[in-house]
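A.B. asks: A single structure is presented below for examination.
Every number in this text was worked out from the coordinates using simple rules, so none of it is lab data. A quick note: this is a predicted structure, and the numbers were derived from the prediction, not measured. Neighbour counts are summed over all protein chains in view; Cβ atoms, including those assigned to glycine, are modelled from backbone coordinates with ideal geometry.
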Amino acid sequence: MRKSIAIILTLAMGMSGWVFAAEEEIPAKSLAELLELVKEGKVINKRTNDERERQFLADKSKQQSELNTANRLQREEEAEAERLENIFERNEQDIAAKQEILSKRLGSLRELFGVLQQVSGDTQGVFEGSIVSAELPGRGEWLGDFAQSMGKSSKLATIEEIERLWFELQREMTESAKVSRFNATVIKTDGETVQQEVVRVGSFNLVSDGEYVGYDLGTGSINELARQPAARFVSSASDLASSSSGFVPFGLDPTRGQLLALQVQVPTIEERIQQGGTPGYVIIALGIIALLLSVERFVTLNLVGTKVNRQSSNPGVADESNPLGRVLQVYHANKDIDSETLQLKLDEAILKEQPAINARIAFIKIISMVAPLLGLLGTVIGMIVTFQAITLFGTGDPKTMAGGISQALITTVLGLTVAIPTVLLHSIVDSRAKGILHILTEQSAGLVAEHAESTGK
């Protein structure tokens, strides 16, 4: 019995399960209770359905009203769109007609727009690249808008705008011929910013604190140069900065910074020596040695020559402190022998004096020959390094190759710089030594001749 009741209850709940799904399940104890529950479910379902039907009818009426409203608004918008389209077409026609009238009225004035646009664009470029802007910043900011407005060809430029353009051009020409002083912010090489006086020489150069300074066109700032040009140019800049009137010689850069940049990049003597590398240092060391030897030989031979000349004027008294005196001593010690033997004795004495007189002169000559060879060696080494760089990075940058070749040729310059004066010094010292030996030979020949006449041997 209980099993049958459960089956019937299951079927009943399946038929009206959507009603009781939201409610708690109520167990039935008998068929009568189950029947009552089914009746109550039907009543509830009917009430719910009626409520839903009323809600649906109400929503339908509301949606119909909204639909009618939307249709009305659509018709109104379509009418407004048609009206605006007609207005737009009439405006297009009016604009075309007025454009034609404007074109007829402008006539040849159209050329004015092009000229003004071109001049204003060029002037803006000139102002941006001029150091006058360091003193007068912001001069050309309005020219961009002015050129753009002239490109539209929709209106004429006003007299005030044309006069302003003329004024700025005239002021640029005037300032290009003036030497002006003003205070500005200068950026030092270490990044420090200082406020100091700047002297502007036309549109060519800027000088501050007695030195040249540069103007960065990109940032519009005044920067201290990493290195100053040659001393003669810096001195002229210092004189200009300290003067207040009159004429002052000044190293002007007519290229507006290009020549100054090249002068700054010119390496100093120390940098050139460093470019020579090890061969360069060896050449310089040899040059110093050759110079010292030449000075020592020149001084020594001059002293010896003075003593020899003094001794030659007094041959009767032999002085051992000079070569001629020692040769005379040999003569006085061998007066009793024959002339041929005496000649041999004197020649021997002269030969003994030669090493001291010619000492270290040959080494000076060797240096004069070795120095250019070392320079050539350094050049070859530098060219090898340059060609290796070309092999790795190509020939895209001629400046890099030129710089490498320039560095390679430094050793050749150093070698020739050492060799040329060394050859001259060797010639001077060698001629001085040969002069002393000539005096010794001459005096020796005279002594032998005198001895042969006196002794008859």
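A.B. asks: For segment 119-189, which trypsin sites (Lys or Arg not before Pro) are in a loop by DSSP, counting at most 13 other Cβ atoms within 10 Å?
C.D. replies: Those satisfying the criteria are 155, 178, 188.
A.B. asks: Right, next: Figure the gain on full extension for residue 66 and residue 178 (residue separation times 0.36 nm, minus the Cα-Cα span) and round it to one decimal in nm.
C.D. replies: Residue separation times 0.36 nm, minus the Cα-Cα distance, leaves 32.2 nm.
A.B. asks: Still on this model: Please work out the FRET efficiency for the pair residue 122 and residue 265, using the Cβ-Cβ distance as r and a Förster radius of 30 Å; give the result to the nearest 0.05.
C.D. replies: The formula returns an efficiency of 0.50 here.
A.B. asks: Still on this structure: Hey, how much of the P(r) for the chain falls beyond 43 Å, as a percent of Cα pairs?
C.D. replies: 65
A.B. asks: Alpha carbon centre of segment 82-103 versus segment 411-448: separation in Å?
C.D. replies: Centre-to-centre distance over Cα atoms comes out at 105 Å.
A.B. asks: How large is the convex hull of the C-alpha atoms of segment 258-360 per residue, in Å³?
C.D. replies: Once divided by residue count, the hull of segment 258-360 is 152 Å³.
A.B. asks: Return one number: the angle in degrees, 0 to 90 and rounded to the nearest 10, between the long axis of the Cα atoms of helix 339-357 and the longest principal axis of the Cα atoms of the chain.
C.D. replies: 20
A.B. asks: Moving on to the next point. Each label point is 7 Å from the Cα along the Cα-to-Cβ direction; what then is the distance between the points at residue 258 and residue 45, in nm?
C.D. replies: 10.2
A.B. asks: Please work out the Kirkwood hydrodynamic radius for segment 269-455, using every pair of different C-alpha atoms, and report it in angstroms with one decimal place. Write down the numbers at each step before the final one.
C.D. replies: Values: mean 1/r = 0.0506 Å⁻¹.
Hydrodynamic radius (Kirkwood, Cα only) of segment 269-455 equals 19.7 Å.
A.B. asks: Roughly what angle does helix 31-106 make with the longest principal axis of the chain, taking Cα atoms, 0 to 90 degrees, to the nearest 10?
C.D. replies: So the helix axis and the longest Cα principal axis differ by about 50 degrees.
A.B. asks: If the convex hull of the alpha-carbon atoms of segment 179-263 is projected onto planes in all directions, what is the mean projected area in square nanometres?
C.D. replies: 5.4
A.B. asks: Which cross-chain or sequence-distant (5 or more) residues have an amide H under 5 Å from the amide H of residue 179, H modelled 1.01 Å from N in plane?
C.D. replies: Distant-sequence amide H within range of residue 179: 202.
A.B. asks: Another question, if that's okay. In degrees from 0 to 90, rounded to the nearest 10, what is the angle of the helix 141-152 Cα long axis to the longest principal axis of the chain?
C.D. replies: Once rounded, the angle reads 60 degrees.
A.B. asks: Could I ask something else about it? Using the count of nearby Cβ atoms within 10 Å as a rough guide to exposure, how do 173, 383 rank from fewest to most? Walk me through the intermediate numbers first.
C.D. replies: On the way: 173 10, 383 15.
Least crowded to most crowded, the residues run 173, 383.
A.B. asks: Working out 0.36 nm times the residue gap between residue 273 and residue 329, then minus their Cα-Cα distance, what length gain in nm do you get to one decimal?
C.D. replies: This chain segment gains 14.9 nm when fully extended.
A.B. asks: Tell me the relative contact order for the chain as a rounded percent, counting alpha carbon contacts under 8 Å between residues six or more apart.
C.D. replies: It comes to 10 percent, rounded to a whole number.
A.B. asks: What are the ³J(HN,Hα) values, in whole Hz, obtained from phi via the Karplus relation 6.51 cos²θ - 1.76 cosθ + 1.60 with θ = phi - 60°, for each residue of segment 294-311 in sequence order, with x given for Gly and Pro?
C.D. replies: Values, residue by residue: 5, 5, 4, 5, 5, 5, 4, 5, 5, 5, 5, x, 4, 5, 5, 5, 5, 5 Hz.
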